[in-house]
Amino acid sequence: MHQLSHDRDLDYSGDVLKACSSRDRSVVVLRDGRVDWGIPGVPALVPDITVLFGVLRWFKLLTFHIQEEGGWPILAMAITSPSTYENDFGRKKDLYYQAGVQRYLIIDRRPRGNDPVSLDGLDHGPTVWIPMIPDAQGRLNLAPVPYLIGIENDQPWFYNPTTGERLLDSTEVRDRLVVAQQHARDAEAKTRDAEAKTRDEAQSRAVLEKRLRELEEQLQQRGGAAPPAGSEDK
């Protein structure tokens, strides 16, 4: 069960955060990407998610080399599992601080991996990590990454900081796309039906007008005058 939760959290977080890089080429989002921090004594590490701003060039190799490719590690995310729990809260936390990571976010399901989920956010202070303070809804502001993150129904979700709207996961996006496509097909069918009805009415009017002209011509040929339009027998 814990593996399913871990994979869901990783997939969802990676999908949402990669939207940042789609709008700005200087932003790189790595999922399970190895990062060489370029700092003596700090080994290359593999955060679950890494967000870097100010990247000069991305070689898209197995290891991202900050000294060669540029960039600042704005966010490192860890999604805990029983096998990584101690490292995520211990050794890695210390190494990320030494590497200059500006914010460390842990999606925490406790050592067994199946407890209720919680969020631990840490900001890089002058000498130590500083715990982030959630807002009134329990959400953490990830700025300059343009999202909030919070817990809803025992799952982490990202939110639009302006509207508060929850960002959908891939399954929800696909489901809504299917519904939208069906609505589009229904609207197109209604348009076709309306256009067909309009054509039929136009054809009917054309037939009636043609018949009217024929009758008027017959009447004129017989020396009579056509009654005024709209006249009725008294």
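The values are calculated or read from the model by the stated rules, or taken from the named source; none is laboratory data. This is a predicted model, so every value here is computed, not measured. Here the Cβ positions follow ideal geometry from the backbone for every residue, glycine too, while neighbour counts run over all protein chains shown.
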Pairs where the first residue, in the range 166-183, is closer than 15 Å to VAL16 by Cβ and the second is at pLDDT below 70, C-beta under 8 Å, 6+ apart: LEU168/ARG176
Qualifying strands (runs of 3 or more DSSP E) (wholly inside the range 91-182; at least 2 residues being surrounded by 14 or more Cβ atoms within 10 Å (Cβ to Cβ)): 103-108, 118-124, 148-152, 155-159
Failed item in (1) within 21 Å of LEU148 (Cα to Cα); (2) out of contact with any Leu (no Cβ under 9 Å at 6 or more places or on another chain), with ARG57 passing the rest: (1)
Only listed residue being among the charged types (D, E, K, R) and over 25 Å from the mean Cα position of the chain (by Cα), chosen from ASP120, ASP186, ASP169: ASP186
Single residue of ALA44, ALA76 found to be touching a helix residue (DSSP H, G or I) at 6+ places or on another chain (Cβ under 6 Å) and within 18 Å of ALA99 (Cβ to Cβ): ALA76
Check on ASP7, within 23 Å of ILE133 (Cα to Cα) and surrounded by fewer than 19 Cβ atoms within 10 Å (Cβ to Cβ): no
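Answer with yes or no whether ASP88 is over 14 Å from SER5 (Cβ atoms), buried (at least 17 other Cβ atoms within 10 Å of the Cβ) and modelled with pLDDT under 95. Can you show your working first?
Details: over 14 Å from SER5 (Cβ atoms): yes; buried (at least 17 other Cβ atoms within 10 Å of the Cβ): yes; modelled with pLDDT under 95: yes.
It is true that ASP88 is over 14 Å from SER5 (Cβ atoms), buried (at least 17 other Cβ atoms within 10 Å of the Cβ) and modelled with pLDDT under 95.
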Filtered residues of the range 107-122 (kept if within 25 Å of GLY54 (Cα to Cα) and in contact with a Phe, Trp or Tyr (Cβ under 7 Å, 6 or more places away or on another chain)): LEU122
Neighbours by Cβ (under 6 Å, 6+ apart or cross-chain): first from the range 1-25, closer than 14 Å to ILE106 by Cα; second at pLDDT below 90: HIS6/SER81
Long-range neighbours under 8 Å by Cβ, at least six apart or interchain, first residue farther than 21 Å from ILE151 by Cα within the range 126-139, second of a type in the set (A, V, I, L, M, F, W, C) and surrounded by 10 or more Cβ atoms within 10 Å (Cβ to Cβ): TRP129/LEU122
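Just give me the residues in the range 75-110 being at positive phi and touching a Pro at 6+ places or on another chain (Cβ under 7 Å), in sequence order.
GLY100
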